[in-house]
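The values are calculated or read from the model by the stated rules, or taken from the named source; none is laboratory data. What you see is a predicted model; the values in this text were computed from it and never measured. When we count neighbours, we look across all protein chains shown, and the Cβ atoms used for this are built from the backbone with ideal geometry, even at glycine.
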Amino acid sequence: MKKNKKGLSQVVATMILIVLVMAAVSMVWVVVRGLIDKETENTTSCFNILDQVNINPTYTCYNDTTPGNRLLQFSIDIGDITVDQLLVSIAGGGNSITFKIDKNYSTVANLMTYPLPGSSNVKLPGKKGGATYIFNLSSSGFINFPESIEIAPIIGTQQCGSTDSLEELDNCIAIS
């Protein structure tokens with residue numbers, strides 16, 4: 001009896017191809033899963049924060065009692081969430097400025113804690129906390145009063161969308 005070597009080599013070649021395809025699919029899956037896990041982690045860090053980081057409108061107003069020294073007082077409340085940084089944007093009269101407040105003490109140009117004369121070293125409030133700040137509009141180049149303020153938290157390295165904004169700011173004299 002003569003053995004069919006040609007038939008045996010086709011079976012071996014088919015098995016090798018199947019093993020190679022399975023190995024390639026496994027490697028692709030490892031890479032894709034890593035990307036999916038990373039993006040899912042970034043997305044979930046900003047999940048359910050909409051009502052957790054807010055501007056307190058009761059303590060947010062502008063003040064121009066000293067000529068040429070316009071100030072913006074704003075208050076931030078943080079709920080049951082850890083925020084690493086907060087992006088604050090102030091706009092009005094064709095001017096705008098954006099700055100970050102960190103969870104650790106740092107110096108932010110023209111920003112100090114309330115009450116005046118406040119410290120120029122500022123930090124975000126912690127979980128379930130609040131803080132009020134004074135921003136010197138005049139020193140920042142604002143000629144007019146601010147028209148809006150908007151905040152966006154940063155959790156880890158992920159910047160979340162805006163969680164709160166005020167479009168109409170009152171004069172502090174009018175609300176006191």
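Mind checking whether some residue in segment 140-156 is under 27 Å from CYS46 (Cβ atoms) and out of contact with any strand residue (DSSP E or B) (no Cβ under 6 Å at 6 or more places or on another chain)?
The answer is yes; a qualifying residue exists.
Name the residue, out of THR58, THR43, that is under 34 Å from the mean Cα position of the chain (by Cα) and at pLDDT 85 or above.
When all the criteria are applied, what remains is THR58.
Can you tell me which residues in segment 121-148 are part of a strand (DSSP E or B) and closer than 14 Å to LEU111 by Cα?
ASN121, VAL122, ALA131, THR132, TYR133, ILE134, PHE135, ASN136
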